[in-house]
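J.: Take this structure first; my questions come after.
Every number here is computed from the coordinates shown, using simple stated rules; none is lab data. Note that the structure is a prediction, hence the values are computed from the model and not measured. Glycine gets a Cβ as well: all are built from the backbone with ideal geometry, and neighbour counts include every protein chain shown.
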Amino acid sequence: MSDQPGRPGMHRNWLSLAGMVLAGSSFFAFLLLMAFDLFSQRGHPYLGLLTYVISPAFLFLGVVLMALGQWLQRRHERRTQPGAAHLVLTIDLARPRDRKLLAGFAAGTVAFLFVTALGSYETYHYTESVQFCGKACHEPMEPQFVTYQHSSHARVACVECHVGSGAGAYVKTKVNGVRQLACMVLRNFDRPIHAPRERMRTAQETCEQCHWPQKFTGNVERTHHRFLADETNTAYTVRLLLNVGGGDPAHGPVGGIHWHMNLANKIEFITAGEHDASIPWVRLTSASGEVTEFRSPEFQPAATNSPPRTMSCLDCHNRPAHRFRSPNDAVDLALSTGRLDASMAWVKSNVVAALIQPYQTEAEALQKISGSLRAAYPSHPKADALVAETQQIYRGNFFPGMKADWRAYPEHLSHKDWAGCFRCHDGQHKTADGKRTLKASDCNACHVILAQGGGADLQKLNGTGHDFFHVDAPYSDFDCHKCHTGAFPK
């Protein structure tokens with residue numbers, strides 16, 4: 001076959017041929033990736049980026065090259081003698097040379113498509129990996145990726161919780177994936193990043209795929225090893241029996257902390273702040289259908305635009321996989337495990353002080369942490385180990401570039417450093433007649449202090465519970481977070 005000189009085609013120049021190859025391979029990759037996306041058990045926003053953004057972009061680039069080649073070819077022929085500079089594609093199968101070239105072209109095409117298919121398949125699996133989720137968008141996702149690796153859900157893939165299933169979630173993840181790509185390119189993302197509640201999956205779609213909500217848990221013992229910020233770093237241990245209980249009467253008594261699980265009762269609430277800073281309104285619907293509303297003094301119905309939402313696991317367990325340890329907690333853990341030497345005078349105080357300074361970058365933080373601790377312990381034989389461990393604590397919990405640390409991400413599961421339980425159970429939420437409040441009756445309502453202190457005091461077990469002895473005085477009715485901040489007390 002031969003080309004007519006007066007009719008230059010897209011295939012008569014190398015630029016158009018390159019565009020044809022690029023467009024064809026991109027279209028093949030698009031079909032393959034779309035098949036993976038459609039027939040996979042769950043949608044995936046990053047696979048959606050590859051399938052519906054990157055592959056079509058290369059396909060469009062190939063078409064542009066084809067058109068550009070044709071335009072340049074026609075322009076060239078108008079300026080020169082027609083047919084003088086054509087790429088002639090005449091194939092005569094009677095000639096051995098043409099048969100070899102055709103066989104080589106066919107073999108090269110098959111090999112190229114095989115590589116494209118293999119690359120698409122490997123890319124599909126890579127986009128589902130934790131490494132991709134944590135490192136593809138390195139700067140904004142670094143805090144979440146690092147804290148995830150040290151969480152109790154470190155063996156659960158990111159997509160298990162963050163990507164939904166079904167047609168609605170499929171479309172949503174595709175749109176959200178494009179938005180994330182645009183934010184990365186334009187560097188238009190929040191610092192720190194907060195997940196909007198309207199885009200988060202519910203606990204029924206995530207937590208309850210592994211955790212059985214009807215299970216009766218009963219009591220769970222926990223031991224907290226604390227150290228005081230004094231010269232000798234005095235150890236203070238608290239052994240607690242948590243009354244976790246359960247919320248399903250078919251599997252055990254309804255009570256304890258998991259009474260809130262909306263199995264026998266239904267709890268709805270309204271938050272005042274975007275990130276659940278306070279809860280001024282609560283509505284309880286009992287198993288018998290009785291409805292009771294509790295309001296705090298600052299609740300203004302006319303000024304509240306947020307609709308009530310039903311309480312779920314994530315309203316208390318709000319940091320299940322991305323927990324930023326407070327300086328006190330991180331240092332206490334290092335002291336209790338021996339990574340920091342408690343025999344070094346004032347080590348708790350000095351390390352916490354070094355961690356909480358306002359650093360602009362991680363490099364600045366590591367340098368100044370080293371300088372301050374070496375100045376505090378100039379000739380101590382364990383100074384190097386002290387500096388290394390403190391820097392490691394900082395790298396695992398502080399991310400100045402994203403303004404991310406324990407202060408940016410409150411944890412609602414307890415009430416030591418943040419309001420937590422006391423967002424509702426503060427004694428200020430009352431019914432309209434003032435006869436009922438949401439204040440817990442005493443500390444033993446949710447947990448029992450079996451033993452506390454150090455040395456022989458820890459042998460004094462009390463099944464009915466000790467009054468909490470706060471170093472120098474006993475307390476039974478107070479809000480911990482009003483003094484504790486995660487660093488030094490106010």
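J.: Provide the net charge surrounding Gln360, with neighbours chosen by a C-beta distance below 13 Å and charges set as Lys +1, Arg +1, Asp -1, Glu -1. Working shown, then result.
T.: Numbers: positive: Arg191, Lys368, Lys403; negative: Glu362, Glu364.
Here the count lands on +1.
J.: Arg325: net charge of surrounding residues, Cβ under 11 Å, Lys/Arg +1, Asp/Glu -1, itself excluded?
T.: Working: positive: Arg319, Arg323; negative: Asp329, Asp332, Asp405, Glu411, Asp417.
My count for the surroundings of Arg325 gives -3.
J.: Sorting check: for 453-461, 60-68, which peptide has the highest mean count of neighbouring beta carbons within 10 Å, and how do the rest follow?
T.: Values: 453-461: 11.3, 60-68: 16.6.
Listed from highest to lowest mean packing, they are 60-68, 453-461.
J.: Please sort 326-336, 208-218, 364-374, 420-430 by packing, taking for each peptide the average over its residues of neighbouring beta carbons within 10 angstrom, highest first.
T.: On the way: 326-336: 21.9, 208-218: 13.5, 364-374: 16.6, 420-430: 20.0.
Top to bottom by mean Cβ count within 10 Å: 326-336, 420-430, 364-374, 208-218.
J.: Still on this structure: Could you order the peptides 377-384, 278-285 from most to least packed, using the average number of other C-beta atoms within 10 Å per residue?
T.: Listed from highest to lowest mean packing, they are 278-285, 377-384.
J.: Sequence-distant or interchain residues sharing an amide H contact under 5 Å with His425, placed H: which?
T.: none
J.: Let me ask another. Name the residues whose placed amide hydrogens come within less than 5 Å of the amide hydrogen of Phe227, ignoring near sequence neighbours (fewer than 5 apart) on the same chain.
T.: Residues meeting the amide H criterion: Tyr236.
J.: Out of all Cα-Cα pairs in segment 327-402, roughly what percent, to the nearest whole number, are more than 21 Å apart?
T.: Tail fraction, whole percent: 18.
J.: Mind checking segment 279-335 for GluC sites (Glu not before Pro) that DSSP puts in a loop (not H, G, I, E or B) and that have at most 12 other Cβ atoms within 10 Å?
T.: Glu290, Glu298
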